[in-house]
Amino acid sequence: MKVTVMEEHGYESAKIGISLSYNTDIKEMDRVAKALAHKGSGHSKFLESIAVWLDVDAPRYWWQQFDTYRTGMTKQSESTMHTMTERNLTQDDFSHRMPIAHLDLLNLWIDQGKWDTVKWNLPESFLQRRIMCLNYKSLQHIIEQRISHRLVEWQLFIKQVLEQVDYPYFLVEEQDDALFVASLEDIQHVVP
């Protein structure tokens, strides 16, 4: 699984929005933003103004869970129907090692142009890439719900996002961050 933060925008505009409520200088808003980020939806609505674009390559079984989240985001994915029969598949196309016999059978069907048969028999570990546009509020919500999830891909997603975004402290509270960092060390030994 690989997550890349492609770009993010909106923090400066969000700070201006916060300053309207406080009728104060924008220079003070970094401190205020940190204080408001975890106070709940009424106080942290400025997070909705910070957009982030992610490039995510993840197994289909993880995407099934991720599709729970629809509010505040758009997704564009590579089409398995249009792309999967353009070349033979390799072990790199899956999050977990495939039995060689199954991989050979999929490639036979690809060579025969039987995309529908390939799609019907494609394992859940097949990696699919999506470009997502979402905001910090949506990311914060996802992280709060999935930070302790037993599926290791959630831990990998969260770790990679927090390592790359400009304002990780808006997504995870500092006391939670210490617990999360400790759990990531344990995860490193579990990740295939």
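What follows is calculated from the coordinates using simple rules that are stated; it is not laboratory data. Computed from a prediction, not measured in an experiment: that's the story for all the values here. Cβ atoms come from the backbone with ideal geometry, glycine included; neighbour counts cover every protein chain shown.
Note: relative contact order over the chain, using C-alpha pairs below 8 Å and six or more positions apart, is 29 percent.
Here residue 15 is the anchor, and the aspartates and glutamates within straight C-alpha reach of less than 14 Å, apart from those fewer than 8 places off in the same chain, are 25, 28, 30, 48. Relative contact order of the stretch 114-173: 33 percent, from C-alpha pairs under 8 Å at least 6 residues apart in sequence. How about residue 75: which lysines have a C-alpha closer than 19 Å to its C-alpha, ignoring those fewer than 8 places off in the same chain? Hits, sequence-local ones excluded: 2, 137.
Applying the criteria of a DSSP loop state and at most 16 other Cβ atoms within 10 Å to the GluC sites (Glu not before Pro) of the stretch 103-179 yields 124, 173. Across the stretch 46-151, C-alpha contacts under 8 Å between residues 6 or more apart give a mean separation that, scaled by the residue count, equals a relative contact order of 52 percent.
Within the chain, the ratio Rg/Rh, alpha carbon atoms throughout and Rh by Kirkwood, equals 1.07.
Restricting the trypsin sites (Lys or Arg not before Pro) of the stretch 124-162 to loop positions (DSSP other than H, G, I, E, B) with no more than 15 neighbouring Cβ atoms within 10 Å leaves 150.
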